[in-house]
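Student: Starting off with a structure, shown below.
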Amino acid sequence: MKSLSKIRTWIGLLILLSLFLVFSYFSYSPKPQVFPAYLTDSPSPTGVKAFYTYVKKDKAGEIWSQSPDLLKATADHQLLVMAEPAFIPKKEEMNAYINFMKAGNTILLLQNNPQGMFDVKTVSVDTQETMKVYTQGHTSYLAQIDSGIRLQTKKEEEVLIYDEAGPIAVKQSYGNGHLIVAITPGWMTNEDLLKKDHLRLLLYLINEGFTAKILFDEYIHGGENASTFLNVYPMWFLLLVLQGGLLMILWLWSKGKRFGPIFVPREEAVRFSDEGIQAVAAWFLRGKRYCDSIIIQADYVKLLLQERWQIPYNREWKDLSSYFERKWTKVSANEIRPFLIGLVNILEKEKITKQEYLLWSKKLEQLRREVEE
């Protein structure tokens, strides 16, 4: 009857867990994945997957996710697109980017405020809601400009795109290569790419780089798109792991395993504690059996001397002076002999006072501690 009851219990638990698993699977509605902005593999409105896919078909676009130190400093006529960097690279990394340009390549930097990148300077302006921008050939286009800053140009720089408030995109030479800076990374996003003339303006900037190959720099976006345990594995697998863990806990519980503090039974603690010794000591004190107590204490210390210091147990206390001088290094030789003589006198007395008992009990206790150390 007991085995049948256990089987029924297990069957009920398995049915309950199966129903919970099925209900969890069908009721789960995954949340949309959150992508950081300006990633080439991001289909969200703030990603640049649409433009990357378009360029990849016509211009052999590739993703560059490694350190700039590994960029080839050769005249390969490559264009590196840096869309809204998440951080300002270190000095060594900036030098690697500059060497890449000096070798004959081009960098297209699209950033809302490029101040601090490649010594680019910006200036705040009062802008009005205007949609018209102009290229180097004074051709007008329609574009959305939300930035309240404009680029501060130098003599050697070319203004590629501008509006009434000032330069929007400029081009500068670095050795045999070029740096193109624009304050409109939003033109490249999936949301705004096909609005107004954004795509045409982006292609205009890319063509200014005279490039045969385009690289999209993902290194500048850091580790924001790193995979985690929750987004690497599918939800059904995570649910299966959770159910397996619950089943394991129930199985351990059924086997009698308990999780929590261990309480020692009182009778065990009383048996192996010092309560018995304390009771005996109290009995000796109330009965004023000081001689018996000091003899027992001295006998116990002599056993320890044989165990720890290899002093024969059958030797009398008065004959242990030479042994103590070799072993008891914390006490001088002049103090050892009076100690042994006094101890022999106390042990030979038939009655001793409480003061004598406390004094020699303390001395024997001190000797015991030093022997056990």
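The values are calculated or read from the model by the stated rules, or taken from the named source; none is laboratory data. Computed from a prediction, not measured in an experiment: that's the story for all the values here. With ideal geometry, Cβ positions are generated from the backbone for all residues, glycine too; neighbour counts draw on all protein chains shown.
Student: So which helices (runs of 4 or more DSSP H) are wholly in the range 277-372 and hold at least 3 residues that are loosely packed, with under 11 Cβ neighbours inside 10 Å?
Tutor: Hits in the range 277-372: 333-348, 354-372.
Student: Another question about this same structure. Tell me yes or no: at least one residue of the range 80-89 is touching a strand residue (DSSP E or B) at 6+ places or on another chain (Cβ under 9 Å), hydrophobic (A, V, I, L, M, F, W, C) and outside any strand (DSSP E or B).
Tutor: Looking through the range 80-89, none of the residues is touching a strand residue (DSSP E or B) at 6+ places or on another chain (Cβ under 9 Å), hydrophobic (A, V, I, L, M, F, W, C) and outside any strand (DSSP E or B).
Student: Now, a different point. If I ask for residues that are in a loop (DSSP other than H, G, I, E, B), aliphatic (A, V, I, L, M) and exposed (fewer than 15 other Cβ atoms within 10 Å of the Cβ), which ones from the range 33-79 would you list?
Tutor: Val34, Ala60, Ala75
Student: While we're here: Only one of (1) at pLDDT below 70; (2) over 30 Å from Pro43 (Cα atoms) is not met by Thr228, so which one is it?
Tutor: Failing condition for Thr228: (2).
Student: Then there is this: Among Leu347, Leu303, Leu320, Leu340, which is the only one that is closer than 23 Å to Glu372 by Cα, aliphatic (A, V, I, L, M) and under 60 Å from the mean Cα position of the chain (by Cα)?
Tutor: Selected residue: Leu303, the only one of Leu347, Leu303, Leu320, Leu340 that is closer than 23 Å to Glu372 by Cα, aliphatic (A, V, I, L, M) and under 60 Å from the mean Cα position of the chain (by Cα).
Student: Still on this structure, please answer the following. Restricting attention to the range 117-138, and to residues there that are farther than 16 Å from Leu202 by Cα and charged (D, E, K, R), which single residue is nearest to the chain's Cα centre (by Cα)?
Tutor: Per the stated criteria, the residue is Asp119.
Student: Quick check on the range 139-150. Is at least one of its residues among the aliphatic types (A, V, I, L, M), closer than 25 Å to Ala60 by Cβ, crowded, with 21+ Cβ neighbours inside 10 Å and over 42 Å from the mean Cα position of the chain (by Cα)?
Tutor: Scanning the range 139-150, I find no residue that is among the aliphatic types (A, V, I, L, M), closer than 25 Å to Ala60 by Cβ, crowded, with 21+ Cβ neighbours inside 10 Å and over 42 Å from the mean Cα position of the chain (by Cα), so the answer is no.
Student: Right, another one. Across the range 95-116, which residue is farthest from the chain's Cα centre (by Cα) among those that are touching a residue at least 12 places away in the same chain (Cβ under 8 Å), part of a helix (DSSP H, G or I) and more than 19 Å from Phe216 (Cβ to Cβ)?
Tutor: Checking each candidate, the answer is Lys102.
One line per residue, one yes/no per condition, for (1) surrounded by 12 or more Cβ atoms within 10 Å (Cβ to Cβ); (2) in a strand (DSSP E or B); (3) at pLDDT 90 or above:
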{"position": "Tyr162", "(1), (2), (3)": "yes, yes, yes"}
{"position": "Ile180", "(1), (2), (3)": "yes, yes, yes"}
{"position": "Glu191", "(1), (2), (3)": "yes, no, yes"}
{"position": "Lys195", "(1), (2), (3)": "yes, no, yes"}
{"position": "Phe216", "(1), (2), (3)": "yes, yes, yes"}
{"position": "Gly245", "(1), (2), (3)": "no, no, no"}
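Student: Scan the range 176-201 and report the pairs whose first residue is closer than 19 Å to Asp163 by Cα and whose second residue is of a type in the set (Lys, Arg) and outside any strand (DSSP E or B), with Cβ atoms within less than 9 Å and a gap of 6+ or a chain change.
Tutor: Trp187/Lys195; Trp187/Lys196
Student: Of all residues in the range 139-160, which are among the charged types (D, E, K, R) and part of a strand (DSSP E or B)?
Tutor: If the condition is that a residue be among the charged types (D, E, K, R) and part of a strand (DSSP E or B), then Arg150, Glu158 are the ones that fit.
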